[in-house]
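First comes the structure, then the notes that go with it.
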Amino acid sequence: MIRKMKPALRIDVLSLFPKTLEGFVSESILAKAIDSGLIEVNSLDLRRWAKGKHRETDDRPFGGGAGMVMKPEPLFAAVNEIADDDTTIIYMAPDGEKLNTSICQELSLKKHILLISGHYEGVDQRVRDYLVNREISVGDYVLTNGTLSSSILIDAVCRHVPGVLGDKDSLNDETFEEGLLGIPQYTRPSEFNGLKVPEVLLSGNHAEISAWRRSKRVEKTRKLRPDLLKN
Ligand SMILES: C[S@@+](CC[C@H](N)C(=O)[O-])C[C@H]1O[C@@H](n2cnc3c(N)ncnc32)[C@H](O)[C@@H]1O
């Protein structure tokens, strides 16, 4: 029997739309990483932990107002069953800390992440106050639900797990690594409609290429994202 190795990172996602995430992780780099056993991603239907004939997961907000709120009981029951001491429980929230490369690097070292994906008006505040370890946003805008933001986090975190990117050098010179933007990239042909690739890239001189790339990163960062250079 061929036994698959234990994945370096397991991510479980609790949501009301498990199929959205299943589609996302079934292709490309993530699918390969899952297939080779480097990571494990489980998309779990929160309704599994909802009680009653209709397995309701939401209810009207106390105090009135628009929309529905996700009930605490199914979320507490699910976390109670899934999480252990190695689990980092994250609620995807537009008002959470903003996801960045350093958070992705930190999360890629965890053994088990449990993502809670909200819907409607989000989750009952008691889930946020007593159940989760962390709240993460993917940007200053509001999505209709958390499966897309969970997918973004999974993608951005998993590429830092060793082996997920076929070539580990892919992370070098990349945007936001070392607080700089990425390098300008060129491929064949070396001349297209009179537009030439910078001479240095054709020189074969690795030290010069490396110095040129670094200077371009700094130049581009100064122009487009000077805030990064301050840190
Ligand atoms: C319509 S939103 C709820 C917004 C909430 N009423 C508010 O004012 O903050 C539904 C769910 O989508 C997810 N979501 C929306 N925008 C997000 C963002 N920028 N980052 C992470 N998750 C987000 C969250 O899980 C949230 O519970």
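The values are calculated or read from the model by the stated rules, or taken from the named source; none is laboratory data. Please read all numbers here as calculations on a predicted model, not as lab measurements. Glycine also receives a Cβ, built like all others from the backbone with ideal geometry; neighbour counts cover every protein chain displayed. Note: areas computed on protein heavy atoms with side chains; ligands, DNA, RNA excluded. Shrake-Rupley method; radii C 1.70, N 1.55, O 1.52, S 1.80 Å.
So, LYS53, is that one modelled with pLDDT under 95 and out of contact with any Ser or Thr (no Cβ under 7 Å at 6 or more places or on another chain) or not? When the stated conditions are applied, LYS53 passes them.
Each row is one residue, and each column tells you yes or no for (1) of a type in the set (D, E, K, R); (2) within 16 Å of the ligand (Cβ to nearest atom); (3) open to solvent by 30 Å² or more (accessible area, probe 1.4 Å).
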| position | (1), (2), (3) |
| --- | --- |
| ILE39 | no, no, no |
| ARG48 | yes, no, yes |
| PHE62 | no, yes, yes |
| GLY67 | no, yes, yes |
| LEU75 | no, yes, no |
| ASP86 | yes, no, yes |
| ILE89 | no, yes, no |
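Just one of (1) surrounded by 14 or more Cβ atoms within 10 Å (Cβ to Cβ); (2) at pLDDT 95 or above; (3) touching a helix residue (DSSP H, G or I) at 6+ places or on another chain (Cβ under 7 Å) fails for GLU208. It is (1). Of the set (1) within 15 Å of the ligand (Cβ to nearest atom); (2) under 30 Å from THR175 (Cα atoms); (3) open to solvent by 30 Å² or more (accessible area, probe 1.4 Å); (4) not hydrophobic (A, V, I, L, M, F, W, C), all apply to GLY118 but (3). Could you go through region 206-216 and let me know if any residue there is assigned to a loop (DSSP other than H, G, I, E, B) and not assigned by TED's automatic domain parsing to the domain that holds GLU97. The answer is no, given that none of the residues of region 206-216 is assigned to a loop (DSSP other than H, G, I, E, B) and not assigned by TED's automatic domain parsing to the domain that holds GLU97. Might you check whether a residue that is of a type in the set (D, E, K, R) and touching a residue at least 12 places away in the same chain (Cβ under 8 Å) occurs anywhere in region 183-203? No, the conditions are met nowhere in region 183-203.
Set side by side, the residues GLY96, GLY118 differ, and just one is in the same structural domain as GLY146 (by TED's automatic domain parsing), in a loop (DSSP other than H, G, I, E, B) and farther than 16 Å from ALA156 by Cα, which is GLY118.
In region 91-114, of all residues being within 20 Å of ASN145 (Cβ to Cβ) and open to solvent by 30 Å² or more (accessible area, probe 1.4 Å), the one that is nearest to the chain's Cα centre (by Cα) corresponds to LEU99. All of LEU165, LEU153 fail the test of being closer than 23 Å to LEU21 by Cβ, within 16 Å of the ligand (Cβ to nearest atom) and not polar (S, T, N, Q), apart from LEU153. When THR147, THR175 are checked against the criterion of being modelled with pLDDT of 95 or more, among the β-branched types (Val, Ile, Thr), within 17 Å of the chain's Cα centre (by Cα) and open to solvent by 30 Å² or more (accessible area, probe 1.4 Å), a single residue qualifies: THR175.
When the test is whether a residue is in contact with a Phe, Trp or Tyr (Cβ under 8 Å, 6 or more places away or on another chain), open to solvent by less than 30 Å² (accessible area, probe 1.4 Å), within 13 Å of the ligand (Cβ to nearest atom) and at pLDDT 95 or above, VAL127 passes it. Considering VAL142, VAL132, VAL127, the condition of being of a type in the set (A, V, I, L, M, F, W, C), over 16 Å from the mean Cα position of the chain (by Cα) and not in a loop (DSSP other than H, G, I, E, B) is satisfied by VAL127 alone.
Residue count for region 50-60 satisfying the condition of being buried (at least 18 other Cβ atoms within 10 Å of the Cβ), of a type outside the set (Ser, Thr, Tyr) and touching a strand residue (DSSP E or B) at 6+ places or on another chain (Cβ under 7 Å): 1.
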